[in-house]
Every structure is written in C-alpha cells, then in structure tokens.
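Data first, discussion second: the structure below is written as structure tokens.
The values are calculated or read from the model by the stated rules, or taken from the named source; none is laboratory data. Only a predicted model underlies this, so the values are computations on that prediction, with no experimental measurement involved. Cβ placement follows ideal geometry from the backbone for every residue including glycine, while neighbour counts extend to all protein chains displayed.
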Amino acid sequence: MSKMSLLDGDSIVKEYHVAFGANPKGHKQQEGDEKTPEGTYILDYKKENSSFYRAMHVSYPNKNDKENAKRLGVSPGGFIMVHGQRNRLGWLSPITQLFNWTDGCIALTNNEMDEFMSLVKEGTAIQISW
C-alpha cells in the first residue's frame, strides 16, 4: 500500500493511504507516462474548481525536469496535483483507492482531502519517493 505522511519536523502528524499514477515507479519524464514525479517539490497553490474534489498543485516540472525533457525531445507534462476523487464519483473511493489510477497525481479520499487542505499551507515542501 502506498502512503503519504504529513510531518511536523520529524514527527508524523497524519498518514494517508494514497493512489498514484497508473505506472508510478520511476521518475516522471514526460507527459502521458502516468508516473508520479519523484523528488522535492512545493505545494504551491490550492485549487477549489478542479475536475477532482479539491486539489493542491505540486510544482512539477522544475528546472531539471524541463531540461531533461528537452534533452529527450518530449514534453515534461505538468499539472500534477494532490487531489480527491473525480467529481461526483467520491462514493467509489473504497474501490478506487485500492489501485494506482491517476495520470501522475496523488489521490486521497474526499474526506481526507478536506483534512489535508486544512493542515497543509501553500508553500509547503513535498518529498515524493519510493
């Protein structure tokens, strides 16, 4: 099971079971690879009018990601978010959260997303690793 831990210094405040991209392992290199980016990014803004129940943007792609994609001749993709369930389908979360189903985002249940949004401020660092 994949998990996300919220930390205050070295102390775990909360842990969530999460779903990642459908092809999650290995650093995201291009749009459409269904990988969740690895590394340190910033949760840089909240989005309430999303196709998913609430969302918080991950600052992918960073400068290195863009340079790597340019070397490969591909688009790095973007718009990676921590988000809830697809709008109007939150009731399916007991099933959907058993699978890595996103295109590279990090998914929570809608109730967890409410809690996450109340606990995490814009500008918070996120470390994504396996």
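Remarks
- Filtering region 68-111 to residues that are assigned to a loop (DSSP other than H, G, I, E, B), out of contact with any helix residue (DSSP H, G or I) (no Cβ under 7 Å at 6 or more places or on another chain) and more than 14 Å from A22 (Cα to Cα) leaves G73, V74, G77, G78, F79, N87, R88, L89.
- Tabulated pairs, region 101-121, first at negative phi and surrounded by fewer than 17 Cβ atoms within 10 Å (Cβ to Cβ), second among the β-branched types (V, I, T) and not in a helix (DSSP H, G or I), C-beta under 8 angstrom, 6+ apart or interchain: L119/V13
- Evaluated against (1) part of a strand (DSSP E or B); (2) over 19 Å from F116 (Cβ atoms), D65 falls short on exactly one condition, (1).
- Number of the condition not met by Y60 [criteria: (1) buried (at least 17 other Cβ atoms within 10 Å of the Cβ); (2) in contact with a Pro (Cβ under 6 Å, 6 or more places away or on another chain); (3) outside any loop (DSSP other than H, G, I, E, B)]: (3)
- Conditions (1) buried (at least 16 other Cβ atoms within 10 Å of the Cβ); (2) over 21 Å from I128 (Cβ atoms); number of the one not met by D65: (2)
- Just one of the numbered conditions (1) aliphatic (A, V, I, L, M); (2) over 18 Å from W130 (Cα atoms); (3) at pLDDT 90 or above is not true of L89: (3).
- Residue match in region 69-80 (condition: without any contact (Cβ under 8 Å) to a residue 40 or more places away in the chain and under 18 Å from I128 (Cβ atoms)): yes
- For the residues S93, S50, S75, the requirement of being over 22 Å from G123 (Cβ atoms) and out of contact with any Asp or Glu (no Cβ under 6 Å at 6 or more places or on another chain) singles out S93.
- One residue from E48, E15 being within 22 Å of D114 (Cβ to Cβ), in contact (Cβ under 8 Å) with a residue 12 or more places away in the chain and more than 14 Å from the chain's Cα centre (by Cα): E15
- Within region 1-45, tally of residues that are in a strand (DSSP E or B) and closer than 30 Å to G73 by Cα: 9
- Selection within region 95-130 - small (G, A, S) and modelled with pLDDT of 90 or more: G104, A107, S118, G123, A125
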